[in-house]
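Some notes on the structure that comes next.
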Amino acid sequence: MSVQEYLDKHMLSRKIEDAVNAAVRAKTSDPVLFIANHMKKAVSSVITKVKARQILDSRGIPTVEVDLHTNKGVFRASVPSGDSSGTYEAIELRDGDKGMYLGNSVAKAVKNINEKISEALIGMDPKLQGQIDQAMIDLDKTEKKSELGANAILAVSIAACKAGAAEKEVPLCKHLSDLSGRANMVLPVPAFTVLSGGKHAPNTFAIQEIMILPIGASRFEEALQWGSETYHHLKAVIAEKNGGLGCNVGEDGGLAPDISSLKEGLELVKEAINRTGYNDKIKIAIDVAATNFCLGTKYDLDVKSPNKSGQNFKSADDMIDMYKEICNEYPIVSIEDPFDKEDWEHTKFFSSLGICQVVGDDLLMSNSKRVERAIQESSCNALLLKVNQIGTVTEAIEVVKMARDAQWGVVTSHRCGETEDSFISDLSVGLATGVIKAGAPCRGERTMKYNQLLRIEEELGDQAVYAGEDWKLSL
């Protein structure tokens, strides 16, 4: 085949001429680079390779990382993991071989990506997120993604989303906004974990975490400053209380002193906020995670104190009285999982009181059927969005839309086992969820989410909008 025949066969003469004309119109000082980039843009991107590997999360437990290749680059994603998997969430595939990472290895999930998912996706357009996610769902053929593993599917889904944004030459948050059909992007209010307990910390505090929300800040950058300052003031308050001694930290970076009661913890946080001088501009949220200390229909707030456990049970009605009291005494605007995950009745009643936002985590597990039931029964009024409980970007967008249509708040959430992936930062902005829960303002796997939000705010410039006082709906 001659050169001319080759050019004619692939219609290269016309494409090269178009590129040269574009370079002339642009009056570029580097025509070779300009023409090369112009030609590259003229080629539609497709997935050419998907390669997975096993890495460690922030707890030292294996998880899945993926490199998704297109003819325009390589896009990496890794997935987080929680302390435990709920009955209604997508299934995280682990090997179960006690001789490898105590049974936590994810070699099977990695193999499924490298041998099955990769083959199914090669040649697909990364911009078509819904089609990519559906192809993996169809390949898995199970309701909870137990065949391929939700950890395998989600890692590829996120990597494809990043590739789609790159193909469109837009920021990831803008691509997510487009996929969701939203016109506006909003920087979320950060819900900083400042005190950790429950399963996340080696102390006597049964409540999982106390968080602060700088809703009075004017920008995300300012909110991050306030969160960091409050965290360090709290560290000093605890040291003073302990005679100069420090304390442990939880898996998500929250401070973890031994606390005898919820009120004691709230007093510590209140004092730290007072020392910042921001006072009314910073509110408090609590993740009770009540399922973890529910025994039958009773709640044992001393469950982590061997000498006191079992001596002072609270009924669900007692818990409601306690919530009423603390919401009256402290600037609490949100309570997550105030009751056992199957106690729909008391969750509904507490929500109906309108005292604060009531967030469903264990109650909902980001499961569309559970969310639909909660909406119909008015069981709570906010969704905690954990993407790994669902398994694909598309399904996460759909469940957020359900919550928004019901006028619910949405909190984008990390997991206790995190990675160096900041995808949830872009997700929270693109879907305008209003709040992001990414742990304490310390530890690299947590701060990188907050640092990415700083970059997004900077990139948006004058168009950047911080949720602030509108954190519940961010409309």
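The values are calculated or read from the model by the stated rules, or taken from the named source; none is laboratory data. The shown structure was predicted, so the numbers you read here are calculated from the model rather than taken from an experiment. When we count neighbours, we look across all protein chains shown, and the Cβ atoms used for this are built from the backbone with ideal geometry, even at glycine. All accessible areas refer to the heavy atoms of the entire protein, side chains included, with ligands and DNA or RNA removed. Shrake-Rupley method; radii C 1.70, N 1.55, O 1.52, S 1.80 Å.
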If every alpha-carbon in segment 270-322 counts as one equal scatterer, what log10 I(q)/I(0) does Debye give at q = 0.15 1/Å? -0.59
When the C-alpha atoms of segment 176-271 are aligned to their principal axes, what extent does each axis show, in angstrom, from largest down? 52, 27, 20
Spin-label model distance (nm) - residue 267 vs residue 32, 7 Å beyond Cα toward Cβ: 7.3
Strictly greater than 18 Å: what percent of every Cα pair in segment 119-186 meets that? 40
Estimated 222 nm signal from helices in the chain, with DSSP H stretches of n ≥ 4 weighted -39500 (n - 2.57), rounded to 500: -12500 deg cm²/dmol
Return one whole number: the accessible area per residue of segment 339-475 in Å², for a 1.4 Å probe. 35
Under unit Cβ charges (Lys, Arg +1; Asp, Glu -1), what dipole magnitude, rounded to 20 debye, does segment 310-397 have relative to its Cα centre? 300
Normalised per residue, the volume of the convex hull around the Cα set of the chain (Å³): 171
Positive-end residue, segment 57-110 charge dipole about Cα centroid, Cβ charges, pick of 80, 110, 93: 110
To test your reading of the geometry: what angle, between 0 and 90 degrees and rounded to tens, separates the Cα axis of helix 368-377 from the longest principal axis of the chain? 50
Rg(Cα) / (2.2 N^0.38 Å) computed for segment 291-407, rounded to two decimals: 1.14
Euclidean distance between Cα centres, segment 230-289 to segment 311-330, Å: 20
Diffusion coefficient in µm²/s returned for segment 403-475 by Stokes-Einstein, Kirkwood Rh over C-alpha pairs, 37 °C and 0.692 mPa s, is 257
Show the residues, 5+ positions off or on another chain, whose built amide H is closer than 5 Å to the amide H of residue 195. 210, 255
Nearest 20 debye, what's the magnitude of the dipole of segment 108-244 about its Cα centre given +1 on Lys and Arg Cβ and -1 on Asp and Glu Cβ? 260
Calculate the all-directions average of the projected area of segment 151-231's alpha-carbon convex hull, and give it in nm². 8.2
If the viscosity is 0.890 mPa s and the temperature 25 °C, what translational diffusion coefficient in µm²/s does Stokes-Einstein give for segment 252-354 when Rh comes from Kirkwood over Cα pairs? 165
Ignoring ligands, DNA and RNA, what percent of the 1.4 Å accessible area of the chain is carbon and sulfur? 50
Under DSSP loop assignment and at most 10 Cβ neighbours within 10 Å, longest trypsin sites (Lys or Arg not before Pro)-free interval of the chain: 142-475
Looking at the P(r) of segment 358-446, how many percent of alpha-carbon pairs lie beyond 22 Å? 21
Straight-line reach from residue 141: which lysines have Cα under 21 Å away, leaving out those fewer than 8 places along the same chain? 108, 111, 116, 369
Of all DSSP beta bridges having both residues in the chain, the percent classed as antiparallel (nearest 5) is 60
Given a 1.4 angstrom probe, what's the average accessible area per residue across segment 39-198, in square angstrom? 40
Mind checking Rg over Rh on segment 81-120, alpha carbons, Kirkwood formula for Rh? 1.04
Dipole axis of the chain (+1 Lys, Arg; -1 Asp, Glu on Cβ), positive-most option in 391, 159, 228: 159
Net dipole in debye of segment 59-131 [+1 Lys, Arg Cβ; -1 Asp, Glu Cβ; about Cα centre; nearest 20]: 120
For segment 47-95, the Rg and Dmax computed from alpha carbons only, in angstrom: 13.3, 40
Once the Cα atoms of segment 61-182 are picked out, what are the Rg and Dmax in Å? 14.8, 48
